[in-house]
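The values are calculated or read from the model by the stated rules, or taken from the named source; none is laboratory data. In this text the structure is predicted, and so the values were computed from the model without any measurement. Counting neighbours? That spans all protein chains shown, and the Cβs are built from the backbone with ideal geometry, glycine included. We work out accessible area using only protein heavy atoms, side chains counted, and drop any ligands, DNA or RNA first. Shrake-Rupley method; radii C 1.70, N 1.55, O 1.52, S 1.80 Å.
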Amino acid sequence: MKALVTAGPTREYLDSVRYLSNGSSGKTGIELARALKQSGFSVKLILGPGSETPKNIPTVRTVSALQMFEQVKRNFGWCDIFVSCAAVADYRPQKISRKKIKKGAGPLMVRLVPNPDILRTMGVRKGRKILVGFALEDAQGLQNARKKLKEKNCDMIVLNSPSTVEADKISASLLFSDGSALKLGKISKDAFAKKLCQTILKKFYGSI
Ligand code: CTP
């Protein structure tokens, strides 16, 4: 069984030093990659910037959403399960200035253009693969997460809240495409990764 995991934020550069990004330490995705490996999966991790490359996990480092998208497309054919943990920036500046932008007196207008939705694109191409997404919601969580589960053609989605961003603990619910759900209490990201991995094995691979 082969698992492709994305983790961490993406950075969308505006000039040579400034960027737009999402708050994300990459911790959940890295822990999940470790747990999947310990359960016997072959794992490839596509990891955004800002954290150390984990030891013993084949990892491709990326910076922007477009780079992450390229790497996911390149490795998608290889995997049986794709877990999209990454906090991908939905927009990027239309123009990247090669030089550091000098400040002026007035406001600075930055035009943003949409990034591709990596998970949604893979959802269209999924075939018999298992797709697991995350949904970070601050309001109407269940409703929004169910919508994402369906629209991105996932088999499972992990609903969590902004309080978990860059925190050590996570409080999440797992929602499945068959309508079932499992609520997990507030636990460490390490314990969460193990639990998520066990759930994947039980639900999609029939092991106990
Ligand atoms: N995702 C992705 N590519 C994007 C945006 C999100 O692959 N450009 C994936 C994330 O990795 C996650 C899921 O889609 O698994 C949902 O991400 P989330 O940020 O919760 O939602 P968005 O789809 O970006 O929608 P919104 O920001 O409007 O809530």
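Which ones in the range 1-53 are assigned to a loop (DSSP other than H, G, I, E, B), in contact with a strand residue (DSSP E or B) (Cβ under 6 Å, 6 or more places away or on another chain) and closer than 16 Å to A65 by Cβ?
If the condition is that a residue be assigned to a loop (DSSP other than H, G, I, E, B), in contact with a strand residue (DSSP E or B) (Cβ under 6 Å, 6 or more places away or on another chain) and closer than 16 Å to A65 by Cβ, then G8, L14, N22, S24, G26, G48, P49 are the ones that fit.
Report, by residue number, each residue of the range 9-34 that is aliphatic (A, V, I, L, M) and open to solvent by 10 Å² or more (accessible area, probe 1.4 Å).
Hits for the range 9-34 are L14, V17, L20, I30.
Cβ contacts < 8 Å: first residue more than 24 Å from L196 (Cβ to Cβ), restricted to the range 15-36; second residue of a type in the set (D, E, K, R) and assigned to a loop (DSSP other than H, G, I, E, B), any location; separation 6+ or different chain. Result?
Sorted first by the residue in the range 15-36, then by its partner, the pairs are D15/R98; D15/K99; D15/K100; S16/R98; S16/K99; S16/K100; V17/K100; R18/K100.
So G40 passes all but one of these: (1) more than 15 Å from the ligand (Cβ to nearest atom); (2) open to solvent by 70 Å² or more (accessible area, probe 1.4 Å); (3) closer than 30 Å to F204 by Cα. Which condition number does it fail?
(2)
Within the set of pairs 6 or more residues apart or between chains, which connect a residue that is more than 18 Å from A33 (Cα to Cα) and open to solvent by less than 30 Å² (accessible area, probe 1.4 Å) inside the range 76-92 to a residue that is within 13 Å of the ligand (Cβ to nearest atom) and charged (D, E, K, R) with Cβ atoms less than 8 Å apart?
Partner pairs satisfying both residue conditions: A89/E12.
For the range 172-181, give me each residue that is touching a helix residue (DSSP H, G or I) at 6+ places or on another chain (Cβ under 7 Å) and open to solvent by 30 Å² or more (accessible area, probe 1.4 Å).
S177, the sole residue that qualifies.
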